[in-house]
Amino acid sequence: MAELLPELHEHQATGRIAEIYQEIRTFSGVPYVSSLQRYLATMPGVLEWAWDAVRPALAHGVIQETAWRLARDVRIAPAKPFAGTTDRVAVGNIAANFVRVSPVNLMTGACLSRLLTGTVPSRLGFSETWTPPAMLPAMPGNADPAKLAPATRSTLERFMTEVDGTPFIPALYRQLAHFPDVLSWLADELAPRIAAPETLKAGAAFRSAAYDAAPAIIARLPALPSRTAPDPATTQRVLATIGRYAETSPEMTMFGQLILDAL
């Protein structure tokens, strides 16, 4: 199996990156850091710049509440009920984590994308006081494809896509790989859905709504951080990565909710 997208794992983070990772978890109310941020952390100075740029909107909950409000309108046809005997509480918790964090990643990426392409904060400020939601329970962690049984690895690879020219399997599926019967059920259930017009339309609408909402959030941000912004070549890599996540984040939101409903 090809090498997956590089990332700075949470246990490897130190100093400022470790501080950012902790704030990411706290502000989203999920006990892990998404692969988007873990990948940005592999580029020197990029995660630090990006976090400093959007942190005020996350600390006041504007990005999260906007994202969750938009996500409530995203629905696709329900799945057939899951009939397996797997621990439904554990599987439901995985799905709930992605339903919560994926919209936040989409909205954060939309704001960063606009900031990197010239939208300038208007410094209108934030008046809200906000308390993040209670942290969801921990998940089992991303399964290592190389350590899975061949049949499960083959099923997992059906979800493989590409980010920045590198193979990538969204974390929802790597988490569910710990439950082979669920992963197999989901692969069969999603096979006709992923490229279906209904799914593509719902994802595109969610994505467009997030990008349309971004300027109003950016208008309230303070000036961009004084630290050096990514250089042009790195900026293009970041934009391409955000763009790919803007496709997978709606998918994680819709399919995470589909799992919850099927359970």
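The values are calculated or read from the model by the stated rules, or taken from the named source; none is laboratory data. Keep in mind that this is a model prediction, so the values were computed, not measured. Virtual Cβ from ideal backbone geometry, glycine too; neighbours counted across all protein chains shown.
Worth pointing out:
- Of all residues in region 157-205, those being part of a helix (DSSP H, G or I) and either out of contact with any Phe, Trp or Tyr (no Cβ under 6 Å at 6 or more places or on another chain) or free of Cβ contacts under 8 Å to residues at least 60 places away in the same chain (or both) number 25.
- Residue in region 227-241 that is within 19 Å of the chain's Cα centre (by Cα), within 25 Å of PRO81 (Cβ to Cβ) and not basic (Lys, Arg) present: no
- Residue in region 105-124 that is farthest from the chain's Cα centre (by Cα), counting only those that are part of a helix (DSSP H, G or I) and among the polar types (S, T, N, Q): SER113
- Residue, nearest to GLY256 (Cα to Cα), within region 179-230, restricted to residues that are loosely packed, with under 13 Cβ neighbours inside 10 Å and among the basic types (Lys, Arg): LYS201
- Of everything listed in (1) modelled with pLDDT under 95; (2) surrounded by 20 or more Cβ atoms within 10 Å (Cβ to Cβ), the single unmet condition for LEU47 is (1).
- Neighbours by Cβ (under 6 Å, 6+ apart or cross-chain): first from region 251-263, farther than 17 Å from PHE206 by Cβ; second of a type in the set (A, V, I, L, M) and at pLDDT below 95: ALA262/ALA79
- Residue that is closer than 18 Å to LEU221 by Cα and of a type in the set (S, T, N, Q), where the choices are THR86, THR66, THR26, THR42: THR66
- The set of residues in region 238-258 that are over 20 Å from ALA96 (Cβ atoms) and crowded, with 19+ Cβ neighbours inside 10 Å comprises VAL238, THR241, ILE242, ALA246.
- The condition (being touching a Gly at 6+ places or on another chain (Cβ under 8 Å) and within 30 Å of ARG55 (Cβ to Cβ)) is satisfied by just one residue among GLN175, GLN257: GLN175.
- Test result for ILE24, of a type in the set (Val, Ile, Thr), assigned to a helix (DSSP H, G or I), free of Cβ contacts under 8 Å to residues at least 60 places away in the same chain and within 17 Å of PRO225 (Cα to Cα): no
- Residues located in region 1-44, provided they are modelled with pLDDT under 95, surrounded by fewer than 20 Cβ atoms within 10 Å (Cβ to Cβ) and of a type in the set (S, T, N, Q): none
Matching residues to (1) surrounded by fewer than 18 Cβ atoms within 10 Å (Cβ to Cβ); (2) more than 19 Å from the chain's Cα centre (by Cα):
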residue: ALA71; (1), (2): no, no
residue: PRO78; (1), (2): yes, yes
residue: THR85; (1), (2): yes, yes
residue: ALA96; (1), (2): no, no
residue: PRO103; (1), (2): no, no
residue: SER127; (1), (2): yes, yes
residue: ALA134; (1), (2): yes, no
residue: PRO140; (1), (2): yes, no
residue: ALA143; (1), (2): no, no
